[in-house]
Amino acid sequence: MSAGRRVLVALGVLAASGCAAAGERALRADLARAGDTLADLPPAASEDTGERAEPSQDAPAPSFDGTPQGYVDYALLHSHELRAAWERWRAATHRIARERRLPMPKLEYAIFVSPVETRVGPQRHRLAVRQRFPWPGELVAGADAAAATARASQREFEAAALEVRARVLRAYWRLWLVRRTRGVAREQLELYAGMAELARGRVEVGQAELADVQQIDLGQARLADQVIGFDELEREAAAALIAALAAPPDTPTPTLSSAPALELPEAEESELRAALNDHPRIDRWQVQAEAGDLRVKEARNARAPSFSVGVDWIEVGPARTEGVADSGKDAVMIGVGLELPLWQRNYAEDQRAAEAEAAAARSEWASARDRATAELGATLARLRDSARRAALHEHTLLPQAEGALESTMGSYASGQGQLSAVFLAQRALLELELELLELHAAHAVAWAELERVVGRGVAGVPAQGHGVDANGDGAGGDKAGE
(Lines give C-alpha, C1' and ligand atoms only; values in the text may rest on other atoms or scores of the structure.)
Protein backbone atom coordinates (compact mmCIF):
# COMPACT_ATOMS: atom_id res chain seq x y z
CA MET A 1 0.00 0.00 0.00
CA SER A 2 1.42 3.39 -1.02
CA ALA A 3 2.02 6.17 1.52
CA GLY A 4 -0.77 8.28 0.02
CA ARG A 5 -3.26 5.41 0.30
CA ARG A 6 -2.26 4.80 3.92
CA VAL A 7 -2.93 8.46 4.68
CA LEU A 8 -6.36 8.28 3.05
CA VAL A 9 -7.24 5.17 5.06
CA ALA A 10 -6.11 6.85 8.28
CA LEU A 11 -8.13 9.97 7.50
CA GLY A 12 -11.19 7.83 6.77
CA VAL A 13 -10.85 6.07 10.11
CA LEU A 14 -10.48 9.39 11.93
CA ALA A 15 -13.53 10.82 10.15
CA ALA A 16 -15.61 7.78 11.04
CA SER A 17 -14.43 8.02 14.65
CA GLY A 18 -15.38 11.69 14.68
CA CYS A 19 -18.90 10.91 13.41
CA ALA A 20 -19.26 8.15 15.99
CA ALA A 21 -18.10 10.52 18.72
CA ALA A 22 -20.64 13.13 17.58
CA GLY A 23 -23.40 10.53 17.62
CA GLU A 24 -22.35 9.39 21.08
CA ARG A 25 -22.38 12.99 22.33
CA ALA A 26 -25.92 13.44 21.01
CA LEU A 27 -26.93 10.18 22.67
CA ARG A 28 -25.47 11.26 26.01
CA ALA A 29 -27.21 14.63 25.70
CA ASP A 30 -30.55 12.87 25.16
CA LEU A 31 -29.80 10.63 28.12
CA ALA A 32 -29.08 13.62 30.36
CA ARG A 33 -32.26 15.42 29.28
CA ALA A 34 -34.36 12.33 29.94
CA GLY A 35 -32.69 11.86 33.32
CA ASP A 36 -33.59 15.42 34.28
CA THR A 37 -37.28 14.54 33.88
CA LEU A 38 -37.05 11.77 36.48
CA ALA A 39 -37.26 12.44 40.18
CA ASP A 40 -34.26 11.59 42.32
CA LEU A 41 -34.79 8.21 43.97
CA PRO A 42 -33.16 7.00 47.19
CA PRO A 43 -30.06 4.83 46.64
CA ALA A 44 -30.67 1.11 46.49
CA ALA A 45 -28.21 0.52 49.32
CA SER A 46 -26.43 2.61 51.91
CA GLU A 47 -22.78 3.23 51.10
CA ASP A 48 -21.82 2.98 54.78
CA THR A 49 -23.73 -0.09 55.94
CA GLY A 50 -24.65 -1.79 52.66
CA GLU A 51 -28.23 -2.07 53.86
CA ARG A 52 -31.12 -1.28 51.57
CA ALA A 53 -32.38 2.28 51.98
CA GLU A 54 -36.11 2.64 52.51
CA PRO A 55 -38.07 5.63 51.19
CA SER A 56 -38.86 8.31 53.71
CA GLN A 57 -42.25 7.93 55.38
CA ASP A 58 -42.32 11.63 56.28
CA ALA A 59 -42.43 12.81 52.66
CA PRO A 60 -45.57 14.86 52.02
CA ALA A 61 -48.22 13.24 49.88
CA PRO A 62 -48.56 14.76 46.40
CA SER A 63 -51.50 17.01 45.66
CA PHE A 64 -53.50 16.61 42.46
CA ASP A 65 -56.07 18.91 40.89
CA GLY A 66 -58.19 16.02 39.62
CA THR A 67 -57.28 16.34 35.95
CA PRO A 68 -55.83 13.28 34.18
CA GLN A 69 -52.76 15.18 32.96
CA GLY A 70 -51.69 15.99 36.51
CA TYR A 71 -51.56 12.29 37.32
CA VAL A 72 -49.70 11.51 34.10
CA ASP A 73 -47.07 14.18 34.80
CA TYR A 74 -46.47 12.80 38.28
CA ALA A 75 -46.20 9.21 37.04
CA LEU A 76 -43.70 10.12 34.32
CA LEU A 77 -41.60 11.79 36.99
CA HIS A 78 -41.75 9.07 39.65
CA SER A 79 -42.35 5.80 37.80
CA HIS A 80 -39.97 3.05 38.93
CA GLU A 81 -40.52 1.23 35.65
CA LEU A 82 -39.47 4.33 33.73
CA ARG A 83 -36.45 4.78 35.97
CA ALA A 84 -35.42 1.16 35.29
CA ALA A 85 -35.73 1.70 31.52
CA TRP A 86 -33.63 4.85 31.81
CA GLU A 87 -30.94 3.01 33.79
CA ARG A 88 -30.80 0.30 31.11
CA TRP A 89 -30.40 3.04 28.52
CA ARG A 90 -27.63 4.60 30.62
CA ALA A 91 -25.85 1.26 30.97
CA ALA A 92 -25.98 0.69 27.19
CA THR A 93 -24.59 4.18 26.60
CA HIS A 94 -21.64 3.59 28.92
CA ARG A 95 -20.82 0.34 27.11
CA ILE A 96 -19.96 2.25 23.93
CA ALA A 97 -16.53 3.24 25.28
CA ARG A 98 -15.68 -0.41 25.92
CA GLU A 99 -16.23 -1.26 22.25
CA ARG A 100 -13.93 1.56 21.15
CA ARG A 101 -11.17 0.59 23.59
CA LEU A 102 -7.84 -0.65 22.26
CA PRO A 103 -6.48 -3.91 23.66
CA MET A 104 -4.51 -3.42 26.84
CA PRO A 105 -0.74 -3.00 26.39
CA LYS A 106 1.23 -6.06 27.40
CA LEU A 107 4.21 -5.70 29.72
CA GLU A 108 6.64 -8.62 30.00
CA TYR A 109 9.60 -9.15 32.26
CA ALA A 110 12.05 -12.02 32.14
CA ILE A 111 15.21 -12.88 34.01
CA PHE A 112 17.90 -15.00 32.47
CA VAL A 113 18.44 -18.01 34.72
CA SER A 114 21.73 -18.52 32.98
CA PRO A 115 22.97 -15.16 31.71
CA VAL A 116 23.83 -15.19 28.04
CA GLU A 117 27.41 -14.12 27.60
CA THR A 118 28.04 -11.67 24.78
CA ARG A 119 31.06 -9.69 23.77
CA VAL A 120 29.84 -6.62 25.62
CA GLY A 121 28.69 -8.50 28.70
CA PRO A 122 26.13 -10.96 30.06
CA GLN A 123 22.43 -10.51 29.28
CA ARG A 124 20.65 -10.70 32.65
CA HIS A 125 17.14 -9.16 32.38
CA ARG A 126 14.62 -8.46 29.63
CA LEU A 127 11.69 -6.00 29.70
CA ALA A 128 9.21 -5.82 26.81
CA VAL A 129 6.13 -3.69 26.03
CA ARG A 130 3.71 -4.62 23.27
CA GLN A 131 0.57 -2.96 21.94
CA ARG A 132 -1.79 -4.69 19.58
CA PHE A 133 -3.87 -2.70 17.08
CA PRO A 134 -6.92 -4.43 15.57
CA TRP A 135 -7.94 -3.73 12.02
CA PRO A 136 -9.22 -0.12 12.15
CA GLY A 137 -12.74 -0.86 10.99
CA GLU A 138 -13.32 -3.43 13.75
CA LEU A 139 -13.26 -0.89 16.58
CA VAL A 140 -15.28 1.68 14.67
CA ALA A 141 -17.97 -0.84 13.72
CA GLY A 142 -18.12 -2.19 17.26
CA ALA A 143 -18.54 1.28 18.74
CA ASP A 144 -21.20 2.16 16.17
CA ALA A 145 -23.05 -1.08 16.95
CA ALA A 146 -22.95 -0.31 20.67
CA ALA A 147 -24.25 3.20 19.97
CA ALA A 148 -27.11 1.74 17.92
CA THR A 149 -27.91 -0.67 20.76
CA ALA A 150 -28.01 2.29 23.14
CA ARG A 151 -30.38 4.06 20.75
CA ALA A 152 -32.61 0.99 20.85
CA SER A 153 -32.59 1.23 24.64
CA GLN A 154 -33.59 4.87 24.30
CA ARG A 155 -36.56 3.88 22.17
CA GLU A 156 -37.51 1.30 24.80
CA PHE A 157 -37.45 4.08 27.39
CA GLU A 158 -39.73 6.22 25.22
CA ALA A 159 -42.09 3.28 24.68
CA ALA A 160 -42.13 2.65 28.44
CA ALA A 161 -43.21 6.26 28.97
CA LEU A 162 -46.15 5.68 26.63
CA GLU A 163 -47.10 2.54 28.53
CA VAL A 164 -46.94 4.34 31.88
CA ARG A 165 -49.15 7.12 30.55
CA ALA A 166 -51.76 4.70 29.22
CA ARG A 167 -51.74 2.67 32.45
CA VAL A 168 -52.34 5.79 34.54
CA LEU A 169 -55.21 6.94 32.33
CA ARG A 170 -56.85 3.50 32.44
CA ALA A 171 -56.71 3.51 36.23
CA TYR A 172 -57.92 7.11 36.40
CA TRP A 173 -61.01 6.58 34.25
CA ARG A 174 -61.87 3.39 36.13
CA LEU A 175 -61.86 5.36 39.38
CA TRP A 176 -63.89 8.12 37.73
CA LEU A 177 -66.46 5.55 36.55
CA VAL A 178 -66.83 4.03 40.01
CA ARG A 179 -67.42 7.42 41.59
CA ARG A 180 -69.87 8.61 38.96
CA THR A 181 -71.74 5.30 39.10
CA ARG A 182 -72.08 5.65 42.85
CA GLY A 183 -73.40 9.18 42.33
CA VAL A 184 -76.08 7.91 39.98
CA ALA A 185 -77.02 5.19 42.48
CA ARG A 186 -77.41 7.82 45.19
CA GLU A 187 -79.70 9.83 42.93
CA GLN A 188 -81.75 6.70 42.45
CA LEU A 189 -81.99 6.35 46.24
CA GLU A 190 -83.53 9.82 46.38
CA LEU A 191 -85.97 8.73 43.71
CA TYR A 192 -86.86 5.68 45.80
CA ALA A 193 -87.50 7.95 48.79
CA GLY A 194 -89.90 10.05 46.70
CA MET A 195 -91.68 6.93 45.47
CA ALA A 196 -92.00 5.58 49.03
CA GLU A 197 -93.54 8.84 50.20
CA LEU A 198 -95.95 8.79 47.28
CA ALA A 199 -96.91 5.17 47.96
CA ARG A 200 -97.54 5.83 51.65
CA GLY A 201 -99.79 8.73 50.73
CA ARG A 202 -101.81 6.46 48.45
CA VAL A 203 -102.03 3.81 51.17
CA GLU A 204 -103.46 6.36 53.60
CA VAL A 205 -106.30 7.25 51.20
CA GLY A 206 -106.86 3.59 50.30
CA GLN A 207 -105.62 3.84 46.68
CA ALA A 208 -102.66 1.46 47.20
CA GLU A 209 -101.76 -1.54 49.24
CA LEU A 210 -99.06 -1.84 51.87
CA ALA A 211 -97.29 -4.30 49.57
CA ASP A 212 -96.40 -1.40 47.29
CA VAL A 213 -94.55 0.33 50.12
CA GLN A 214 -92.80 -2.88 51.06
CA GLN A 215 -91.72 -3.48 47.48
CA ILE A 216 -90.30 0.04 47.26
CA ASP A 217 -88.49 -0.39 50.60
CA LEU A 218 -86.98 -3.64 49.32
CA GLY A 219 -85.66 -1.99 46.18
CA GLN A 220 -84.30 0.92 48.22
CA ALA A 221 -82.48 -1.41 50.63
CA ARG A 222 -80.87 -3.37 47.79
CA LEU A 223 -79.70 -0.17 46.10
CA ALA A 224 -78.34 1.17 49.39
CA ASP A 225 -76.27 -2.00 49.72
CA GLN A 226 -74.89 -1.46 46.23
CA VAL A 227 -73.87 2.08 47.19
CA ILE A 228 -71.90 0.69 50.13
CA GLY A 229 -70.26 -1.79 47.76
CA PHE A 230 -69.18 1.11 45.55
CA ASP A 231 -67.19 2.47 48.50
CA GLU A 232 -65.04 -0.66 48.46
CA LEU A 233 -64.75 -0.52 44.68
CA GLU A 234 -63.56 3.06 45.00
CA ARG A 235 -60.82 2.05 47.44
CA GLU A 236 -59.71 -0.69 45.06
CA ALA A 237 -59.66 1.64 42.05
CA ALA A 238 -57.85 4.36 44.01
CA ALA A 239 -55.21 1.86 45.12
CA ALA A 240 -54.67 0.81 41.49
CA LEU A 241 -54.24 4.44 40.46
CA ILE A 242 -51.77 5.11 43.28
CA ALA A 243 -49.78 2.05 42.27
CA ALA A 244 -49.66 3.24 38.66
CA LEU A 245 -48.42 6.62 39.89
CA ALA A 246 -45.78 5.17 42.24
CA ALA A 247 -47.25 7.58 44.81
CA PRO A 248 -47.27 7.09 48.61
CA PRO A 249 -50.16 5.09 50.07
CA ASP A 250 -53.31 7.00 51.02
CA THR A 251 -52.53 9.73 48.49
CA PRO A 252 -55.72 11.73 47.77
CA THR A 253 -56.97 10.96 44.27
CA PRO A 254 -59.59 13.51 43.19
CA THR A 255 -61.26 13.11 39.81
CA LEU A 256 -63.26 15.34 37.50
CA SER A 257 -66.97 15.74 38.08
CA SER A 258 -67.70 16.17 34.38
CA ALA A 259 -67.67 13.48 31.72
CA PRO A 260 -64.81 13.30 29.20
CA ALA A 261 -65.46 14.83 25.81
CA LEU A 262 -66.56 12.63 22.95
CA GLU A 263 -63.99 13.20 20.22
CA LEU A 264 -62.72 11.47 17.14
CA PRO A 265 -59.26 11.84 15.57
CA GLU A 266 -58.89 14.79 13.25
CA ALA A 267 -56.47 12.82 11.08
CA GLU A 268 -57.60 10.05 8.79
CA GLU A 269 -56.75 6.46 9.64
CA SER A 270 -54.22 6.32 6.80
CA GLU A 271 -52.30 9.23 8.34
CA LEU A 272 -52.29 7.57 11.75
CA ARG A 273 -51.16 4.33 10.16
CA ALA A 274 -48.23 6.13 8.52
CA ALA A 275 -47.20 7.52 11.91
CA LEU A 276 -46.78 4.01 13.31
CA ASN A 277 -43.33 3.68 11.72
CA ASP A 278 -42.06 6.35 14.13
CA HIS A 279 -43.45 4.58 17.19
CA PRO A 280 -40.62 3.87 19.67
CA ARG A 281 -41.66 0.24 20.10
CA ILE A 282 -41.53 -0.33 16.33
CA ASP A 283 -38.54 1.86 15.51
CA ARG A 284 -36.62 0.07 18.25
CA TRP A 285 -36.38 -3.00 16.03
CA GLN A 286 -35.27 -0.93 13.06
CA VAL A 287 -32.42 0.48 15.17
CA GLN A 288 -31.64 -3.01 16.44
CA ALA A 289 -31.38 -4.22 12.84
CA GLU A 290 -28.89 -1.43 12.15
CA ALA A 291 -26.89 -2.57 15.17
CA GLY A 292 -26.93 -6.10 13.73
CA ASP A 293 -25.59 -4.85 10.40
CA LEU A 294 -22.79 -3.07 12.22
CA ARG A 295 -22.00 -6.27 14.13
CA VAL A 296 -21.73 -8.00 10.76
CA LYS A 297 -19.26 -5.35 9.69
CA GLU A 298 -17.35 -5.79 12.94
CA ALA A 299 -17.19 -9.56 12.47
CA ARG A 300 -16.01 -9.09 8.89
CA ASN A 301 -13.22 -6.76 9.99
CA ALA A 302 -12.26 -9.19 12.75
CA ARG A 303 -11.29 -11.62 9.98
CA ALA A 304 -8.60 -9.16 8.83
CA PRO A 305 -5.09 -9.17 10.28
CA SER A 306 -4.22 -7.12 13.34
CA PHE A 307 -0.91 -5.45 14.01
CA SER A 308 1.32 -5.02 17.01
CA VAL A 309 4.22 -2.78 17.95
CA GLY A 310 6.68 -3.65 20.68
CA VAL A 311 9.83 -2.48 22.38
CA ASP A 312 12.29 -4.91 24.03
CA TRP A 313 14.99 -3.81 26.44
CA ILE A 314 17.69 -6.23 27.54
CA GLU A 315 19.88 -5.32 30.48
CA VAL A 316 23.52 -6.24 29.87
CA GLY A 317 26.12 -6.45 32.60
CA PRO A 318 29.76 -5.31 32.24
CA ALA A 319 32.05 -7.41 30.07
CA ARG A 320 34.45 -9.70 31.89
CA THR A 321 37.31 -8.48 29.75
CA GLU A 322 38.46 -4.97 30.38
CA GLY A 323 38.75 -2.49 27.58
CA VAL A 324 35.92 -3.94 25.50
CA ALA A 325 34.10 -1.26 23.51
CA ASP A 326 30.44 -0.70 24.54
CA SER A 327 30.93 -2.84 27.62
CA GLY A 328 27.63 -3.21 29.55
CA LYS A 329 25.64 -1.46 26.83
CA ASP A 330 21.97 -2.49 27.00
CA ALA A 331 20.22 -3.85 23.95
CA VAL A 332 17.03 -2.15 22.71
CA MET A 333 14.85 -3.58 19.95
CA ILE A 334 11.77 -2.20 18.21
CA GLY A 335 9.59 -4.73 16.49
CA VAL A 336 6.31 -5.04 14.65
CA GLY A 337 4.03 -8.03 14.45
CA LEU A 338 1.20 -9.31 12.35
CA GLU A 339 -1.57 -11.44 13.85
CA LEU A 340 -2.94 -13.82 11.24
CA PRO A 341 -6.57 -14.93 11.64
CA LEU A 342 -6.06 -18.44 10.37
CA TRP A 343 -9.37 -19.89 11.56
CA GLN A 344 -11.44 -18.12 8.94
CA ARG A 345 -14.26 -20.66 9.08
CA ASN A 346 -14.73 -19.95 12.80
CA TYR A 347 -14.72 -16.21 12.20
CA ALA A 348 -17.30 -16.70 9.47
CA GLU A 349 -19.65 -18.26 12.01
CA ASP A 350 -19.54 -15.04 14.05
CA GLN A 351 -20.42 -13.10 10.92
CA ARG A 352 -23.33 -15.40 10.10
CA ALA A 353 -24.62 -15.13 13.67
CA ALA A 354 -24.62 -11.33 13.41
CA GLU A 355 -26.44 -11.54 10.06
CA ALA A 356 -29.08 -13.76 11.66
CA GLU A 357 -29.53 -11.30 14.54
CA ALA A 358 -30.05 -8.45 12.06
CA ALA A 359 -32.56 -10.51 10.06
CA ALA A 360 -34.42 -11.42 13.26
CA ALA A 361 -34.66 -7.74 14.22
CA ARG A 362 -36.15 -6.89 10.83
CA SER A 363 -38.71 -9.65 11.22
CA GLU A 364 -39.56 -8.35 14.69
CA TRP A 365 -40.00 -4.90 13.16
CA ALA A 366 -42.43 -6.22 10.57
CA SER A 367 -44.33 -8.20 13.22
CA ALA A 368 -44.57 -5.20 15.55
CA ARG A 369 -45.79 -3.01 12.70
CA ASP A 370 -48.49 -5.53 11.76
CA ARG A 371 -49.67 -5.81 15.37
CA ALA A 372 -49.74 -2.04 15.75
CA THR A 373 -51.72 -1.65 12.52
CA ALA A 374 -54.32 -4.15 13.71
CA GLU A 375 -54.44 -2.55 17.15
CA LEU A 376 -54.90 0.87 15.58
CA GLY A 377 -57.88 -0.33 13.56
CA ALA A 378 -59.47 -1.99 16.59
CA THR A 379 -58.93 1.10 18.76
CA LEU A 380 -60.46 3.40 16.16
CA ALA A 381 -63.43 1.06 15.88
CA ARG A 382 -63.93 1.22 19.67
CA LEU A 383 -63.69 5.01 19.57
CA ARG A 384 -66.29 5.36 16.86
CA ASP A 385 -68.60 2.83 18.50
CA SER A 386 -68.41 4.42 21.96
CA ALA A 387 -68.94 7.90 20.51
CA ARG A 388 -71.95 6.74 18.48
CA ARG A 389 -73.56 4.86 21.35
CA ALA A 390 -72.89 7.65 23.86
CA ALA A 391 -74.47 10.20 21.56
CA LEU A 392 -77.45 7.90 21.09
CA HIS A 393 -77.89 7.50 24.86
CA GLU A 394 -77.40 11.17 25.64
CA HIS A 395 -79.59 12.69 22.94
CA THR A 396 -82.25 10.03 22.36
CA LEU A 397 -82.53 7.18 24.83
CA LEU A 398 -82.09 9.06 28.11
CA PRO A 399 -84.68 11.78 27.30
CA GLN A 400 -87.13 9.05 26.30
CA ALA A 401 -86.46 7.08 29.51
CA GLU A 402 -86.86 10.22 31.67
CA GLY A 403 -90.15 11.04 29.92
CA ALA A 404 -91.40 7.49 30.39
CA LEU A 405 -90.58 7.57 34.12
CA GLU A 406 -92.29 10.91 34.62
CA SER A 407 -95.35 9.64 32.76
CA THR A 408 -95.62 6.40 34.76
CA MET A 409 -95.06 8.15 38.08
CA GLY A 410 -97.72 10.69 37.18
CA SER A 411 -100.14 7.91 36.34
CA TYR A 412 -99.31 6.09 39.58
CA ALA A 413 -99.79 9.28 41.62
CA SER A 414 -103.23 9.82 40.05
CA GLY A 415 -104.22 6.25 40.84
CA GLN A 416 -104.33 5.09 37.23
CA GLY A 417 -100.91 3.42 36.92
CA GLN A 418 -99.29 0.33 38.33
CA LEU A 419 -96.21 0.26 40.54
CA SER A 420 -94.64 -2.39 38.30
CA ALA A 421 -94.67 0.07 35.39
CA VAL A 422 -92.88 2.63 37.57
CA PHE A 423 -90.25 0.07 38.54
CA LEU A 424 -89.75 -0.92 34.91
CA ALA A 425 -89.32 2.70 33.81
CA GLN A 426 -86.97 3.42 36.69
CA ARG A 427 -84.82 0.36 35.95
CA ALA A 428 -84.59 1.36 32.29
CA LEU A 429 -83.49 4.88 33.23
CA LEU A 430 -80.88 3.58 35.68
CA GLU A 431 -79.45 1.16 33.15
CA LEU A 432 -79.20 3.86 30.49
CA GLU A 433 -77.50 6.28 32.87
CA LEU A 434 -74.97 3.67 33.89
CA GLU A 435 -74.38 2.64 30.29
CA LEU A 436 -73.74 6.28 29.35
CA LEU A 437 -71.12 6.59 32.09
CA GLU A 438 -69.47 3.35 30.97
CA LEU A 439 -69.42 4.57 27.38
CA HIS A 440 -67.78 7.87 28.37
CA ALA A 441 -65.14 6.03 30.39
CA ALA A 442 -64.58 3.49 27.61
CA HIS A 443 -64.19 6.33 25.10
CA ALA A 444 -61.60 8.07 27.29
CA VAL A 445 -59.67 4.81 27.76
CA ALA A 446 -59.82 4.10 24.03
CA TRP A 447 -58.42 7.57 23.34
CA ALA A 448 -55.53 6.90 25.73
CA GLU A 449 -54.94 3.58 23.96
CA LEU A 450 -55.00 5.35 20.59
CA GLU A 451 -52.21 7.70 21.63
CA ARG A 452 -50.26 4.77 23.05
CA VAL A 453 -50.62 2.85 19.78
CA VAL A 454 -49.75 5.84 17.58
CA GLY A 455 -46.90 6.88 19.87
CA ARG A 456 -47.78 10.58 20.11
CA GLY A 457 -50.60 12.94 20.95
CA VAL A 458 -53.57 12.87 18.59
CA ALA A 459 -55.62 15.97 17.81
CA GLY A 460 -59.36 15.43 18.14
CA VAL A 461 -62.56 17.05 16.96
CA PRO A 462 -66.03 16.72 18.53
CA ALA A 463 -67.63 13.43 17.60
CA GLN A 464 -70.95 15.14 16.88
CA GLY A 465 -70.79 16.16 13.24
CA HIS A 466 -67.66 14.11 12.60
CA GLY A 467 -68.85 10.58 12.04
CA VAL A 468 -71.67 10.79 14.63
CA ASP A 469 -74.73 13.03 14.34
CA ALA A 470 -76.90 14.44 17.09
CA ASN A 471 -79.14 11.38 17.09
CA GLY A 472 -76.26 9.00 17.53
CA ASP A 473 -76.41 7.72 13.95
CA GLY A 474 -73.00 6.76 12.57
CA ALA A 475 -73.51 8.67 9.33
CA GLY A 476 -69.85 9.32 8.79
CA GLY A 477 -68.46 6.27 10.54
CA ASP A 478 -67.39 4.55 7.34
CA LYS A 479 -65.51 7.59 6.18
CA ALA A 480 -63.66 7.86 9.48
CA GLY A 481 -62.52 4.29 9.16
CA GLU A 482 -61.22 4.56 5.63
### Message
I need the full set of residues from the stretch 223-266 which are outside any helix (DSSP H, G or I), open to solvent by less than 30 Å² (accessible area, probe 1.4 Å) and farther than 19 Å from Pro62 by Cα, in order please.
### Response
Pro260, Leu264, Pro265
### Query
Which members of the stretch 196-222 meet the condition of being modelled with pLDDT under 65 and loosely packed, with under 11 Cβ neighbours inside 10 Å?
Glu204, Val205, Gly206
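Table: residues versus (1) at pLDDT below 90; (2) not charged (D, E, K, R).
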site	(1), (2)
Ala75	no, yes
Glu81	no, no
Ala84	no, yes
Trp89	no, yes
Arg98	yes, no
Leu102	yes, yes
Glu108	no, no
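Per-residue answers, yes or no, for (1) open to solvent by less than 20 Å² (accessible area, probe 1.4 Å); (2) in a strand (DSSP E or B):
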{"site": "Leu77", "(1), (2)": "no, no"}
{"site": "Arg90", "(1), (2)": "no, no"}
{"site": "Val116", "(1), (2)": "no, yes"}
{"site": "Ala128", "(1), (2)": "yes, yes"}
{"site": "Ala160", "(1), (2)": "yes, no"}
{"site": "Glu163", "(1), (2)": "no, no"}
{"site": "Arg174", "(1), (2)": "no, no"}
### Message
Among the residues that make up the stretch 381-396, is at least one of them modelled with pLDDT of 85 or more, closer than 15 Å to Gln188 by Cβ and in a helix (DSSP H, G or I)?
### Response
no
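Residues in the stretch 254-266: is at least one more than 27 Å from Gln426 (Cα to Cα), out of contact with any Gly (no Cβ under 7 Å at 6 or more places or on another chain) and among the hydroxyl-bearing types (Ser, Thr, Tyr)?
No - not one qualifying residue is present in the stretch 254-266.
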### Query
Out of all the residues in the stretch 444-456, is one or more open to solvent by less than 50 Å² (accessible area, probe 1.4 Å), under 26 Å from Leu262 (Cα atoms) and not in a helix (DSSP H, G or I)?
yes
### Query
Just to be sure, is Gly50 at pLDDT below 90 and exposed (fewer than 15 other Cβ atoms within 10 Å of the Cβ)?
yes
### Message
So for the stretch 312-329 (the condition being touching a residue at least 40 places away in the same chain (Cβ under 8 Å), aliphatic (A, V, I, L, M) and in contact with a Phe, Trp or Tyr (Cβ under 8 Å, 6 or more places away or on another chain)), does at least one residue qualify?
### Response
no
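Condition check: surrounded by fewer than 17 Cβ atoms within 10 Å (Cβ to Cβ), part of a helix (DSSP H, G or I) and modelled with pLDDT of 80 or more. Does Gly410 satisfy that?
no
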### Query
What do you reckon, is Arg303 closer than 30 Å to Gly23 by Cα, in contact with a helix residue (DSSP H, G or I) (Cβ under 9 Å, 6 or more places away or on another chain), open to solvent by 60 Å² or more (accessible area, probe 1.4 Å) and at pLDDT below 85?
yes
### Query
Of the residues Ile242, Ile314, Ile282, which is under 30 Å from Gln123 (Cβ atoms) and among the β-branched types (Val, Ile, Thr)?
Ile314
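The values are calculated or read from the model by the stated rules, or taken from the named source; none is laboratory data. Note that the structure is a prediction, hence the values are computed from the model and not measured. Cβ sites come from the backbone with ideal geometry, for glycine too, and all protein chains shown count toward neighbours. All accessible areas refer to the heavy atoms of the entire protein, side chains included, with ligands and DNA or RNA removed. Shrake-Rupley method; radii C 1.70, N 1.55, O 1.52, S 1.80 Å.
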